[in-house]
Amino acid sequence: MSWSKKLFLKVNSKVGIHKNLDRFMIFTTHFGILFLVILSLATSWFVLRDMFWSYLLFLLLPLSILAFILSYSVAFIFRHPRPQKEMQNIRVLISTLGTWKSFPSDHTLFSFILASHLLLFVQGLSLVVVLISFLMLCFAALISISRVYVGVHYPRDILGGIILAYFCCSLFLFL
């Protein structure tokens, strides 16, 4: 059994023990991205007032589209079903739109893009913005962990989402 499946089973064995943790992880996996979108846009507006719309339309939106295209391209090449398709008797706390695509995690991909875009693309950030970005990165990690906890992703899917997020950002930095 792979390291990813072993770690998934270890995390998944905790589901149902603490009902409040289960509720928190379900809430985080459903609404965490929305929180990051709002915080990311608000921070971008604060930092880039005059260039906000240009930044949004010519960097963040194309970056997100590229990430989406690459994520589904990778998923078609490396087909990995979700844990509930491969394993019996696991606890799944949420339902997903489909079970065919597990790798890479789109929630993780977009969480890390939203959390890191200012740090990567804007020069001369204030300490407050750096701290907000650090907190957003911590929250992106929490969203990623919640995806494993609720039973819809393996840890390798999370790692794939993080790597793809930084690949997309690096590609945009290069271009």
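The values are calculated or read from the model by the stated rules, or taken from the named source; none is laboratory data. As the structure is a prediction and not an experimental result, all values here were calculated from the model. Please note: Cβ atoms are built from the backbone with ideal geometry, for glycine as well, and neighbour counts cover all protein chains shown.
What residue, of PHE58, PHE52, is at pLDDT below 95, closer than 21 Å to SER170 by Cα and out of contact with any helix residue (DSSP H, G or I) (no Cβ under 7 Å at 6 or more places or on another chain)? Show your work before the answer.
Working: PHE52 fails: out of contact with any helix residue (DSSP H, G or I) (no Cβ under 7 Å at 6 or more places or on another chain).
Of the residues listed, the single one that is at pLDDT below 95, closer than 21 Å to SER170 by Cα and out of contact with any helix residue (DSSP H, G or I) (no Cβ under 7 Å at 6 or more places or on another chain) is PHE58.
Does LEU119 count as farther than 21 Å from THR29 by Cα and free of Cβ contacts under 8 Å to residues at least 60 places away in the same chain?
yes
Out of all the residues in segment 83-98, is one or more within 15 Å of PHE172 (Cβ to Cβ) and at pLDDT below 85?
No, every residue in segment 83-98 fails to be within 15 Å of PHE172 (Cβ to Cβ) and at pLDDT below 85.
Just to be sure I understand the filter: pairs with C-beta atoms under 6 Å, separated by 6 or more residues or on different chains, first member in segment 100-115 and modelled with pLDDT of 95 or more, second member among the polar types (S, T, N, Q) and crowded, with 24+ Cβ neighbours inside 10 Å. Which pairs pass?
THR108/SER144
Give me the residue from segment 57-80 that is surrounded by 15 or more Cβ atoms within 10 Å (Cβ to Cβ) and free of Cβ contacts under 8 Å to residues at least 60 places away in the same chain and, out of that set, nearest to GLY151 (Cα to Cα).
It comes out as ALA75.
Looking at segment 12-35, can you tell me whether even one residue there is within 29 Å of ILE132 (Cβ to Cβ), of a type in the set (Gly, Ala, Ser) and in a helix (DSSP H, G or I)?
yes
Check PHE52, PHE46, PHE27 and return the single one that is under 16 Å from the mean Cα position of the chain (by Cα), within 23 Å of ALA165 (Cβ to Cβ) and surrounded by fewer than 17 Cβ atoms within 10 Å (Cβ to Cβ).
Result of the check over PHE52, PHE46, PHE27: PHE27.
Restricting attention to segment 131-150, does a residue exist that is of a type in the set (Ser, Thr, Tyr) and under 16 Å from LEU39 (Cα atoms)?
yes
State all residues of segment 144-167 that are more than 14 Å from LEU93 (Cα to Cα) and crowded, with 22+ Cβ neighbours inside 10 Å; if no residue qualifies, say none.
Listed by number, the residues that qualify are SER144, TYR154, ASP157, ILE158, GLY160, GLY161, LEU164, ALA165.
Taking segment 1-20 on its own, how many of its residues are touching a residue at least 24 places away in the same chain (Cβ under 8 Å) and not β-branched (Val, Ile, Thr)? First the steps, then the outcome.
Here is the first cut: in segment 1-20, the ones touching a residue at least 24 places away in the same chain (Cβ under 8 Å) are 2-5, 7-9, 11-12, 14-16.
Imposing the further condition that a residue be not β-branched (Val, Ile, Thr) reduces the set to 2-5, 7-9, 12, 14, 16.
Selection size over segment 1-20: 10.
Tell me which of these PRO155 doesn't satisfy, since it passes every other one: (1) out of contact with any Leu (no Cβ under 6 Å at 6 or more places or on another chain); (2) within 23 Å of ASP22 (Cα to Cα); (3) touching a residue at least 12 places away in the same chain (Cβ under 8 Å).
With respect to (1) out of contact with any Leu (no Cβ under 6 Å at 6 or more places or on another chain); (2) within 23 Å of ASP22 (Cα to Cα); (3) touching a residue at least 12 places away in the same chain (Cβ under 8 Å), PRO155 is out only on (1).
Need the failing condition index for VAL150 against (1) farther than 23 Å from LEU21 by Cα; (2) out of contact with any Phe, Trp or Tyr (no Cβ under 8 Å at 6 or more places or on another chain), just the number.
If we test VAL150 against (1) farther than 23 Å from LEU21 by Cα; (2) out of contact with any Phe, Trp or Tyr (no Cβ under 8 Å at 6 or more places or on another chain), just (1) comes out false.
When you go through LEU93, LEU173, LEU131 one by one, which is the residue that is under 25 Å from ILE17 (Cα atoms) and hydrophobic (A, V, I, L, M, F, W, C)?
LEU93
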